[in-house]
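K.L.:
Submitted below is the structure of interest, expressed as structure tokens.
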């Protein structure tokens with residue numbers, strides 16, 4: 001919870017061209033999106049034309065940059081070019097499950113409203129183009145209402161209300177991620193590189209992201225074991241397995257991002273990609289996965305970007321397969337043999353989707369923001385009137401859902417401000 005070679009906070013301008021793949025995992029236009037990020041991060045001499053409020057709220061509008069459509073997503077992986085293109089998808093989801101499966105009329109209406117709001121937010125809070133958000137927050141709510149009432153195109157129920165909710169939220173929020181235009185927001189990202197390293201649970205890491213992904217691997221798990229597990233996954237037809245998750249709204253709806261993540265990462269080409277990455281980077285079969293992600297002989301062997309897209313996504317894939325597999329599925333025993341049945345840290349054994357594991361985020365932020373003065377000063381300097389938030393193309397990672405992440409971030413700011421007094 002969206003991804004591949006260098007962290008935006010630590011790489012050169014040319015290396016930025018791969019970052020945006022985290023937030024558009026099924027897109028092939030990496031070079032284009034990287035160019036957009038360069039413009040946002042380092043200030044390109046030519047500024048793209050502003051987007052009018054009328055164009056932003058018009059459903060059929062396709063926002064383009066450098067001749068290419070700026071896409072957005074639902075559940076991180078289901079992409080659209082326009083809001084109008086998204087409407088049929090939302091309608092299809094409301095008709096996806098019969099009443100007998102637990103989604104009644106009221107439930108379908110709630111689902112439609114929620115998907116609509118999330119889609120509009122994903123359109124506005126773009127990871128590759130800050131212009132939609134700039135437009136939305138630089139007009140008054142009254143001007144937005146007026147633009148919405150003047151629409152000539154059909155829109156679903158709740159369209160205007162969703163736009164107004166998104167505007168109200170982001171007029172008072174700061175999106176904390178590694179390529180944010182705001183320096184403070186970038187520093188608050190887990191991807192932010194820590195030059196001196198950060199000491200966590202007896203080891204040194206290059207960033208908090210390095211710890212968060214490394215701890216998903218048992219200390220004994222080796223690269224050879226990971227390669228073996230990938231071979232097992234490649235031999236299985238995952239269609240019936242995924243269909244079981246798709247067909248039950250009680251499974252799919254609370255875990256939509258996780259299911260779409262699994263669908264994407266269980267594709268044969270994606271499994272081959274993981275295998276190829278494990279064969280590179282100077283890795284040896286006997287290397288221990290957690291240890292390789294810690295700071296050893298040299299700093300930043302893996303960027304935070306690689307931590308998320310290689311180590312993080314691979315671990316998440318194994319953990320989620322274990323969680324969502326039936327209890328009698330042999331794959332569960334195979335994954336448990338390699339310790340993907342839980343998170344192991346010292347004497348602690350924590351469920352991958354558990355409050356105990358998620359609370360580790362707060363623990364490591366106690367170190368970064370309370371014990372390290374330079375980071376404490378950054379987070380405590382952000383006024384309380386601004387809510388610290390985290391929105392990444394509607395990708396809601398199962399290891400720590402975005403609402404939990406955001407609550408922790410605002411809680412740690414309160415603690416940092418108290419410590420600074």
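K.L.:
Pairs of Cα atoms under 8 Å, at least six residues apart: use those to get the relative contact order of region 119-244, whole percent.
P.N.:
12
K.L.:
Could you give the length gained by full extension between residue 145 and residue 291, i.e. 0.36 nm per residue of separation minus their alpha carbon distance, to one decimal place? Present the calculation step by step, with values, prior to reporting the outcome.
P.N.:
On the way: separation 146, 0.36 × 146 = 52.56 nm, distance 5.42 nm.
Result for the pair: 47.1 nm of gain on full extension.
K.L.:
List the extent of the Cα atoms of region 158-229 along each of their three principal axes, largest first, rounded to whole Å.
P.N.:
Principal extents (Cα only, largest first): 53, 34, 19 Å.
K.L.:
I need to check one value: relative contact order of region 315-354, counting alpha carbon pairs closer than 8 Å and at least 6 residues apart, in percent.
P.N.:
33
K.L.:
Let's test the formula: R0 of 41 Å, r as the Cβ-Cβ distance of residue 184 and residue 267. What FRET efficiency results, to the nearest 0.05?
P.N.:
The computed FRET efficiency comes out at 0.65.
K.L.:
For Cα extents along the principal axes in Å, several values are listed as (1) 58, 49, 44; (2) 64, 56, 41; (3) 71, 49, 39; flag the one computed from this structure.
P.N.:
Answer label, from the structure shown: (2).
K.L.:
If contacts are Cα pairs under 8 angstrom and at least 6 residues apart, what is the relative contact order of region 357-420 in percent?
P.N.:
Result for region 357-420 is 49 percent.
K.L.:
Express in whole angstrom the spacing between the alpha-carbon centres of region 121-168 and region 337-387.
P.N.:
34
K.L.:
Quote the FRET efficiency, to the nearest 0.05, computed for residue 348 versus residue 243 with a Förster distance R0 of 51 Å and r equal to the Cβ-Cβ distance. Provide the component values of the computation, followed by the final result.
P.N.:
Numbers: r = 35 Å, r/R0 = 0.69.
Using R0 = 51 Å, I get an efficiency of 0.90.
Here, each number is a calculation from the coordinates, and none is a lab measurement. Everything quoted here is computed from the prediction, not taken from an experiment. Heads up, the Cβs are rebuilt from the backbone with ideal geometry, glycines too, and the neighbour counts pull from every protein chain shown.
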